[in-house]
Structures are given as structure tokens and as C-alpha cells.
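One structure is given below, encoded as C-alpha cells.
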Amino acid sequence: MKMKNTAAFLCLWVLATTAISQESRIYTHEQKRYQEALALYNHEQYQAAQSIFQEVQASTEDLETEANSAYYVANAAVRLNQLGADRLMEDFVARYPTSTKRNSAFMDVADYYFENGKYPYALKWYRKVEQGAVASKDRDRFNFNLGYSLYASKKPKEAERYLNRVVNSPEFGSQAQYYL
């Protein structure tokens, strides 16, 4: 009887160890693919990165990896000027409201449109940014970009509010004074 219990325990232990090993290997593979996609994204290979992020998003069971993949899929769509890119970003924010990338999603899209001279689009996204969560190192840039987007969208009174915040900024002060 003792021999049967020992054999049964040994079989269960081997099965459990094998199952854990399999799970670890899959997790490592997903993370490897995620890192590959991130490297492509950082090298501005948005189409290739987007494809891999979509695969990872569909196959992962880790919520954070899924959310981050969704963020990069949407962000790549914006940078590639894909139809429905705005909707993808809005879906990301709606589906993952607690994601740490939520505010940066708004900022990234707004900054992208700003850099490409699409100020009304930039304004739409800057208005979604939670201003209190903007990092202090980014605050002057945010205020100037929002102010200029308002100015370019023919809203000079609203623009004043944000441009006045950066009048004394070494980086944006002279530009802000020009538009005031």
C-alpha cells in the first residue's frame, strides 16, 4: 500500500513539474516576442511591430502584457496614419482604464499630431490628458503645445491661459510671448 502511495505521489509530482515547466516556457516565448516587437517599435518599424504586438495581445494571459500590446498596436496605427487609429486608441483607454499608459496614450497621440502640424487633432487629444498626471519635466512642453494648438485652432483667449504658464520657460518662453 505504501508503495502505491509513493508511486502515485511521484507521478503527480512529475506531472505538476512538467506543467509548470511548460507554462514557464510559453511565458518566456511571449515575453521574447513582446520584446522583439518593442525593439522594432523603438526603431520606428511600426508595421512589423504592430503585427507582433497583435499576436502577443491575442495569445497572452498576462493582463499587463495584453494592455501594453494594445497600446502599442494603437500607437503604431496612429504613426502609420491607418484608418481608425483614433478609434483604436479610444478602445485601448476604454478597455484598460487602469493602465499606466492611459495618460501617455493621450499625450503620445497629441504630440504626434502636433509634430505633424495637425493642431485641431492634437487639441482633441491634449484635452483628454489628465494635466495633474503630466510629469514635471513634460509640463512646459504640454502647456506650450496645448496653448499653440488652441491658438492655431482660432481660440486665442483659451490659448493665453496655457501660453502664460510657460512665459518664463527657457525653452518655450520666447515662443509663448510671440503668440500672446
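The values are calculated or read from the model by the stated rules, or taken from the named source; none is laboratory data. Model, not experiment: these values are computed from the prediction. Backbone-built Cβ (ideal geometry, glycine too); neighbour counts: all protein chains shown.
All conditions but one from (1) surrounded by 18 or more Cβ atoms within 10 Å (Cβ to Cβ); (2) outside the structural domain of ALA74 (by TED's automatic domain parsing); (3) of a type outside the set (A, V, I, L, M, F, W, C) apply to TYR96; the one that does not is (2).
Note on segment 33-82: residues that are charged (D, E, K, R) and farther than 22 Å from ALA94 by Cα total 3. Evaluating ARG95 against the criteria (1) of a type in the set (Lys, Arg); (2) out of contact with any Phe, Trp or Tyr (no Cβ under 9 Å at 6 or more places or on another chain); (3) at pLDDT below 90 leaves one unmet condition, (3). Counting the residues of segment 46-75 that are under 12 Å from the mean Cα position of the chain (by Cα) and over 22 Å from THR98 (Cβ atoms) gives 0. When SER104, SER149 are checked against the criterion of being farther than 22 Å from GLU30 by Cα, under 12 Å from the mean Cα position of the chain (by Cα) and hydroxyl-bearing (Ser, Thr, Tyr), a single residue qualifies: SER104. Does ASP140 satisfy the criteria of being in a helix (DSSP H, G or I) and either in contact (Cβ under 8 Å) with a residue 60 or more places away in the chain or under 20 Å from ALA76 (Cα atoms) (or both)? Taking the combined requirement at face value, the residue does not satisfy it. Can you work out which of the residues in segment 143-180 that are of a type in the set (Lys, Arg) and not in a loop (DSSP other than H, G, I, E, B) is surrounded by the most Cβ atoms within 10 Å (Cβ to Cβ)? Of everything passing the filter in segment 143-180, ARG165 is surrounded by the most Cβ atoms within 10 Å (Cβ to Cβ). With respect to SER104, determine if the residue is crowded, with 18+ Cβ neighbours inside 10 Å, at pLDDT 95 or above and in a helix (DSSP H, G or I). Taking the combined requirement at face value, the residue does not satisfy it.
Taking the conditions (1) over 19 Å from ASN42 (Cα atoms); (2) surrounded by 19 or more Cβ atoms within 10 Å (Cβ to Cβ); (3) among the small types (Gly, Ala, Ser) in turn, ALA110 satisfies each one other than (1).
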